Amino acid sequence: MDHYDIAIIGAGLAGSLAAIALAREGHRVALVGPRPAIADGRTTALMDQSIEYLKKLDLWGEVEPLTAPLVAIRILDGTSRLFRAPPVNFRASEVGLDAFGYNIPNAPFLEILERHEAGLPTLERATAAATRFDIDGAEVRIGLGDDRSITADLVVGADGRRSAVREAAGIGVRTWSYPQAAIVLNFSHELPHQDVSTEFHTEGGPFTQVPLPGNRSSLVWVRKPRDAEETLTLAPDVLSRTIEDRMQSILGKVTTEGMPQSFPLSGLSARRFGKGRTLLVGEAAHAFPPIGAQGLNLSLRDIMTLVDLIGRPTGSRLPADTGDRFDGRRRADILSRTASVDLLNRSLLSNFLPVQALRAAGLHLLSSAGPLRGLLMREGIHPGSALQAFKEGLREQIRRKSA
């Protein structure tokens, strides 16, 4: 029976990135999970902190040609409500960056990760599914679908919302649903996007265009489920015109590419993010609507914490309380991000006039108050930086008064 330092269950983006990061540290890693049956047509916007981590993992050189930078994010009120918010523009230059991040197509990104996995001598890729787990204080035993078994000091669940690892560890989960579905597709357009992402806030949810290389963009369109179903049945030319109208023709004529995909929206938060020899990352730990480019960026912070916590190999078995310590280090970040995305999404859905007024007032404040907008942008790019900046500003004021 082969033994590994860490077994990672789930070979999507989060699991693959975790496996590469840990193997590069010198750990013996098993990455377990079948390849996706259907190519993922979605894209992922990774923010500056995440891009820096891809550079550290020596991945960015291959990924960058697939991407488009996000130099600005524009929020427009696309509702017909009584209280409407003014346009809000966030520019990377306001916080000293060339770009907030980059938009990356998921399917070719995963192909790049698979090539890097094959070149790491301490990483074994098992394409069989994990079928059974025995987790105790000494080690983790994992049965695979090809009748093999492996053991590991730690098991990392990167196996999605219905995580078998989470269930085997006896970790509960809180779930909730939204009366929404997300339509995702790519499209070409007549006018250049200028590397600007535009998010229309509508009564059904956000309609978000994100740049791709050239005169192309990806779209995440959140709608009521019945509206989403009807949208999927539209002929390509009708769908293209519908998107152009929804975008107020700011990118000129639109032509959709391929077949749109649709996903029901729901939220999930594990009761714990680690326990004993078990650790949860990605959607095994947290999931929420595609708002504000938080999903994979949050998962990458899971991975950064995981690698930092485990450290480099010492020749000894990894501690049995690693999962408990991981839970303590990830809790505040995950819970705060989950709550903020949930609150923003529900504010778009609410027909309660005071909620609409508060949302409009908040966006008006962001539009007019540059320092507040800057703090929010820094917090979105580097979590915790806004609080740190506030503390440093407070210390500076105290020093000045003392002087």
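Any read-out appearing in this document is the output of simple, stated calculations on the displayed coordinates, not a laboratory observation. Keep in mind the model is a prediction, meaning the values are calculated, not measured. Because the Cβ atoms are built from the backbone with ideal geometry, glycine has one as well, and the counts that use them run over all protein chains shown.
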- Net charge near ALA168 (other residues with Cβ under 9 Å of its Cβ; Lys, Arg +1; Asp, Glu -1) is 0
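Counting pairwise Cα distances across the range 138-292, what percent come out greater than 26 angstrom?
On the way: 5296 of 11935 pairs.
Percent of Cα pairs beyond 26 Å in the range 138-292: 44.
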- So, relative contact order of the range 157-278 in percent, Cα under 8 Å, 6 or more apart, is 38
- Task: Give me the distance between the Cα centres of the range 187-204 and the range 119-179, rounded to whole Å.
- Result: 39
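Average projected area of the Cα convex hull of the range 216-305, in nm²?
Values: hull surface 31.8 nm².
With the hull built on Cα positions only, its mean projection is 7.9 nm².
Quick one: compute the contact order of the range 212-297, relative version, from alpha carbon pairs under 8 angstrom and 6+ residues apart, as a percent.
20
What ranking, highest mean first, results for peptides 152-159, 249-256 when packing means the other Cβ atoms within 10 Å averaged over each residue?
On the way: 152-159: 28.5, 249-256: 16.9.
Answer by packing, highest mean first, reads 152-159, 249-256.
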- Looking at the square roots a ≥ b ≥ c of the eigenvalues of the Cα gyration tensor of the range 20-166, which shape do they give, rounded for a/c under 1.5, prolate if a/b is larger than b/c, or oblate? prolate
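So for the range 1-55, considering every pair of alpha-carbon atoms, how many percent are separated by more than 19 Å? If you can, show how the numbers build up before the last one.
Values: 609 of 1485 pairs.
The calculated P(r) of the range 1-55 puts 41 percent of pairs beyond 19 Å.
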- Query: Which loop-located GluC sites (Glu not before Pro) does the range 177-253 contain, where loop means any DSSP state but H, G, I, E or B and the Cβ has at most 15 other Cβ atoms within 10 Å?
  - Reply: GLU190, GLU203
- Amide H neighbours of ASP40 at under 5 Å, excluding residues fewer than 5 places away on the same chain, with H built from the backbone geometry, are ALA107
- Karplus-derived HN-Hα couplings along the range 36-43 (A = 6.51, B = -1.76, C = 1.60, θ = phi - 60°), whole Hz, x at Gly and Pro: x, 6, 10, 4, 7, x, 7, 10
- LEU57 versus ALA320: modelled label distance in nm, points set 7 Å from Cα along the beta carbon direction: 3.1
- Return the long-range amide H neighbours of GLY276 (sequence gap of 5 or more, or a different chain), with a cut-off of under 5 Å between placed amide H atoms. GLY323, ASP324
